[in-house]
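Throughout, read-outs are computed from the coordinates displayed, never taken from laboratory work. As the structure is a computational prediction, the values presented were derived from the model and not from experiment. Ideal geometry is used to build each Cβ from the backbone, glycine not excepted, and the neighbour counts take in all protein chains shown.
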Amino acid sequence: MKQILIVDDDDSSRESIILNLKRKEWHFLEASDGEEALRLVETEQPDLVVSDIRMPRMDGLEFLAKARELRHDLQVIMITAYDDMQTTIKAVQSGAYEYVRKPIDLNDLEITIQRALENQDICRRLDGLLETIGKEYQINNIIGKSPGMLEVFKIIGAVSTSPVTVLIRGESGTGKELIARAIHYNSPFRDHPFIPVNCTAIPENLIESELFGHEKGSFTGAVSQSRGKFELAGQGTIFLDEIGDMPLQLQTKLLRVIQERTFERVGGNRPLKTEARILAATHKDLEQMLTEGKFREDLYYRLKVVEIKVPPLRERHEDIPALIDYLMEKINRELGKNVRKVSPEVIDCLTKMEFKGNVRELENLLRRAIVLSRGDVLLPDDLSADLSPSEAAQAASNGVSIPFRTLAEAEKEYILKVLQYHNWNKKRTCETLNIARTTLDRKIEQYNITNPNRSTE
């Protein structure tokens, strides 16, 4: 139920509003002046206030300012009998959602109240989402106690409050985007967009348009004007992942953006300003690319104002047990599973592995093992389908018994488990397995996998 506070020194006006706007989902409170209303805002926590502007003791504008200090999400609709545009402007500038004039059209007021409450719900959901995201990317939520990660945390803390360009370096799967998001969500601009751009994933002939936008008719298929990532980022952060794959021609244009903070859309000639912060990441040897003429030296130094080196997982084995705990909780939540524990043998085995794919490989291994797990504890047998012969041999040398199965047996069981998990929905199964539909159909036929019920497409 929504609480609505009506503030007016005219008793009949308050009564008329309450009498005519009765809804079972609205509960009304009353106050005859600003001081009384302010006390109710503090004690009763109303969702919305309808307040007259001209009142004794404390007028509506003073009440509005003080009420918004107490409750930043409070929706306030101002009522005035005076055709005073200056006062109206002040009310809106002070945070009023809307204003109405006397004599009040009660139908219009009801619609305005409904719209204000809907706006409030949207804002609250967005605030909750931002808070959740912000908490997720707090520095203390990034797993690591190794010396290399402690150095990463120190640099994140230092650069988060500064608009400097940061170059994040590390092997694939080390969590470079996670570091970029941590910098953004711990910065003063956390409420502005974080826009990731994978320079590898975008075709070379489209990446300029993707970054800077394009004008209508600027190339075949440009049927309308389109804003690019730099415009969408606003005062937020644009994260250029795999910057080493950016074409040389585009590197020149990016350099200009960094130097002059301006750009043009493809096919346009009007300079547009950007206030976005630039973070970049790569797993490539940029220094070698400089000597080969594949990366601009001036851009390299512009990007490398501050450099963060994310250590590979093989250099921080002490972080693996904590990563396992974090990833188990995350994967269980995503898959709706309840594998609560990991056996000491599995932890010991995983801690001694090399993980060439770093944290991403560890996560994928745990994800498949959880899908295949038959109980609520992850056992060595659950890993057997995911370990190569050399890894299984390494585990055995460490005293961990890993039962061997043929690759075909392991693959058949894994596919069957995923099909069952998705109630034999082949489209979702393909998405989880990251394979084409034709490949799945071929594997089902090859392994003679049958659905006891009629297949769900």
task = Any lysines with Cα under 17 Å of the LYS412 Cα? List them, leaving off those in the same chain fewer than 8 positions away.
result = LYS426, LYS443
key: Fully extended contour minus Cα-Cα distance, from ARG124 to ASN423, at 0.36 nm per residue   = 104.1 nm
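Going by how many other Cβ atoms sit within 10 Å of their own, how do LEU383, LEU70, LEU250 line up, fewest first? Please report the intermediate quantities before stating the final value.
Working: LEU383 27, LEU70 11, LEU250 15.
The fewest-first ordering by Cβ neighbours comes to LEU70, LEU250, LEU383.
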ask   = Of SER32, SER16, how do they rank once you tally other Cβ atoms within 10 Å and put the fewest first?
value = SER16, SER32
message = Output needed: percent of Cα pairs per 20 Å distance bin for the chain, bins running from 0 to the one holding the longest distance.
response = 19, 35, 34, 11, 0
task = Just need the relative contact order of the stretch 2-126 here, percent rounded to a whole number, with Cα pairs under 8 Å and 6+ apart.
result = 23
request  = Report, ordered by chain and residue number, the lysines lying within cross-link reach of LYS24, taken as a straight Cα distance under 16 Å and ignoring same-chain residues fewer than 8 apart.
outcome  = LYS2
ask   = If you place +1 on the Cβ of every Lys and Arg and -1 on the Cβ of every Asp and Glu, how big does the dipole about the Cα centre of the chain come out, in debye to the nearest 20?
value = 1400
task = Calculate for the chain the 222 nm mean residue ellipticity that helices alone would give, adding -39,500 (n - 2.57) per DSSP H run of length 4 or more and normalising by residue count, nearest 500 deg cm²/dmol.
result = -14500 deg cm²/dmol
key: the stretch 137-311, relative contact order [Cα under 8 Å, separation at least 6], %   = 32
note = Looking only at lysines whose Cα falls under 27 Å of LYS229's and that sit 8 or more positions away or on another chain, we get LYS135, LYS176, LYS216, LYS253, LYS273, LYS284, LYS294, LYS304, LYS309
key: Separation between Cα centres of the stretch 142-180 and the stretch 305-370, rounded to whole Å   = 18
task = Sort 50-56, 8-14, 434-440 for me by packing, meaning the mean count of neighbouring Cβ atoms within 10 Å per residue, highest on top.
result = 50-56, 8-14, 434-440
query = Going toward the positive end of the dipole of the chain, with +1 on Lys and Arg Cβ and -1 on Asp and Glu Cβ, which of THR112, LEU323, VAL164 do you reach last?
reply = LEU323
